[in-house]
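Note sheet for the following structure.
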Amino acid sequence: MRLVATLHKVSCPFLMAMLLFGSLTSSAQYNYFDLPYGKNRSLLTFENFDNIVIIESIINDSIPVRLILDSGVEGLIITDMDVVGALADRCIRNFRITAPGAIEVLEACITSPVKVKVAGLTPAITNLILLSQDYFSLENYIGTRVHGLIGMEKFKNMVITTNYDRNMLTFTRPSNYKLPSRSEVIPLSIIRGKPHMSARIELDNGKILDAWLLIDSGANHPLLLENDSLGDYKPAKSIEAVIGKGLAGNMKGRFARAGWLMMGNYRLDNIITSFTDEYLPGNTSNKPNRHGTIGAGSLARFRVTFDYAHERMILQKGNKFREPFEYNMSGITFRTIGAVFNVFEISDIITGSPADEAGLEVGDILLAIDNKSTFSMTLGELNRLLSSDEGSKVNLHISRSGKRELIQIRLRKLI
């Protein structure tokens, strides 16, 4: 029997991840990581790329992989074709993946259980999902080596705290976890391994929306709302843009600002919000009455603790809690090309933006900013440079068709 599954993966300018496979993996206890016997706590450092958490693990004691830790997916999904090839003989069942706008996109398989190690924890013996093609190009839009994604629910036997300020994960035995002072407890509903919560949003017309949201730590947007859940509401001021990329091509939508987002008693003001019709298929049962998602662009302003056993999330204010939300002021979306992730190519330009007005084009290669070579920058550093200092002039040295050109733009807020 051939299974049909729905997969949606989008990335850049805000990376988003959503994979829907149905119940393809085992629910046995050994399917999850845990703390070793007699140990109540373990720490693990992670790499932080624009608030996307990347951890290292080892498959079958021989295959090292770097995985996005993602509350918005279920299971462990391998996207890197070299790793897929090394594990292909473990496949026990094939299924098809479809996406909005495409009837049949690619094939995937589920493997027999393999051992997966994460430092400081007892291994998980779990199935893997292997994609037959890497349509996501995760690495190009994050700017570092990535082999796949791992669902936060794989660690549900423990209380998991993400400290975005210190780039540290803390795993605690539930019986030993102590609720911090000055924290906010958010009740969760865990639906097919993914956490959902209630939140309150003030839209730009002053209307208050009591929203039901998926918590998606593998998406670096602050807030995304799905148009079909909002009735006839449209933001008063917005920009049309490609808000991500999926298997069916560019995902179009609009960026705007909501007045505020309330999570418990914590309030985030003037929050950048994505609006789209295309984040997930409208007829899937996986988004009952859902209005959208909260991504890492909001979560990273807190120390975030997931307690799956008690279906709750605990928030503590982080160092970035009061930082204003800003969107790229150039109108450029970059992706990395090459093996070392330090060559930046323009992949999208917003119509009417400073980049568009200055004549920049998709495919231009960025060589330097204000005489500073970009080859020593990360993608995150580049995006931050173009998301601050409104009104400043920026000299972009580009390569187009093998010729070097200098183009000057003046940064301005687009929303």
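Read-outs: derived from the displayed coordinates by stated rules, not from any lab. Bear in mind that the values here come from a model prediction, so they are computed numbers and not experimental data. Cβ sites come from the backbone with ideal geometry, for glycine too, and all protein chains shown count toward neighbours.
A few remarks follow.
- Of the trypsin sites (Lys or Arg not before Pro) in region 316-368, those whose Cβ has at most 10 other Cβ within 10 Å and which sit in DSSP loop: Arg322
- With distances taken between every two different alpha-carbon atoms, region 153-276 has a Kirkwood hydrodynamic radius of 16.7 Å.
- The trypsin sites (Lys or Arg not before Pro) found in region 119-178 that occupy coil by DSSP, while having at most 10 further C-beta atoms within 10 Å, are Lys178.
- Candidates Val340, Val304, Val118: whichever shows maximal mean-square fluctuation once the chain is modelled as a Gaussian network with Cα springs under 10 Å: Val340
- Put simply, the amide H of Gly193, placed in the peptide plane, has no neighbours under 5 Å, leaving out anything fewer than 5 places away on its chain.
- This model, with +1 at the C-beta of Lys and Arg and -1 at the C-beta of Asp and Glu, gives the chain a dipole about its Cα centre of some 1020 debye.
- Placing a pseudo-label 7 Å from each Cα along the Cα-to-Cβ vector at Asp61 and Arg267 gives an inter-label distance of 5.7 nm.
- Across region 374-383, coupling constants 3J(HN,Hα) worked out from phi with the 6.51/-1.76/1.60 Karplus curve, θ = phi - 60°, read 7, 5, 9, 9, 9, 4, x, 4, 4, 5 Hz, and Gly and Pro carry x.
- Listed residues Tyr164, Leu138, Ser388: farthest to the positive end of the dipole of the chain (Cβ charges): Tyr164
- From least to most packed, judged by other beta carbons within 10 angstrom and beginning with the fewest, Val116, Val394 follow the order Val394, Val116.
- At an R0 of 25 angstrom, the distance between the Cβ atoms of Glu107 and Arg145 translates into a FRET efficiency of 0.55.
- Gained length - Ile337 relative to Lys115, 0.36 nm times residue gap less alpha-carbon distance: 76.7 nm
- Given R0 = 22 Å, the distance between the Cβ atoms of Ala236 and Ala358 translates into a calculated FRET efficiency of 0.20.
- Our analysis of region 152-198 gives Rg over Rh at 0.96, with the two radii drawn from alpha carbon positions and Rh computed by the Kirkwood formula.
- Once C-alpha pairs closer than 8 Å and six or more residues apart are averaged by separation and normalised to the residue number of region 327-415, the relative contact order reads 33 percent.
- Dipole orientation for region 175-317: of the candidates Ala300, Ser181, Gly264, Ser181 has the Cα lying most toward the positive pole (charges on Cβ; Lys, Arg +1; Asp, Glu -1).
- Dividing the summed helix terms, -39500 (n - 2.57) for each DSSP H run of n ≥ 4, by the number of residues in the chain produces a 222 nm estimate of -1500 deg cm²/dmol to the nearest 500.
- Using the Cβ-Cβ distance between Ile92 and Glu323 with R0 set to 60 Å, the FRET efficiency works out to roughly 0.80.
- Working note: Cα gyration tensor of the chain, eigenvalues times five, square-rooted, sorted largest first, giving semi-axes of 33, 26, 22 Å.
- Among Gly120, Gly391, Gly148, the largest mean-square fluctuation in a Gaussian network model of the chain, built with springs joining Cα atoms closer than 10 Å, belongs to Gly391.
- Classified by the C-alpha gyration tensor, region 280-415 has a prolate form. Its axis ratio a/c, with a ≥ b ≥ c, is 1.5 or above, and a/b is larger than b/c.
- Taking amide H as placed 1.01 Å from N in the peptide plane, the amide H of Thr273 sits under 5 Å from that of Ala256, Arg257, Ala258, each at least 5 places away or on another chain.
- Among Glu153, Glu47, Glu405, the largest mean-square fluctuation in a Gaussian network model of the chain, built with springs joining Cα atoms closer than 10 Å, belongs to Glu405.
- Remark: relative contact order (the chain) = 16 percent; criterion is Cα-Cα distance under 8 angstrom and separation of 6 or more residues.
- Gap separating the Cα centres of region 350-414 and region 30-76, nearest whole Å: 35
- Net lengthening on full extension, Ser387/Ala368 (0.36 nm per residue, minus Cα-Cα): 5.2 nm
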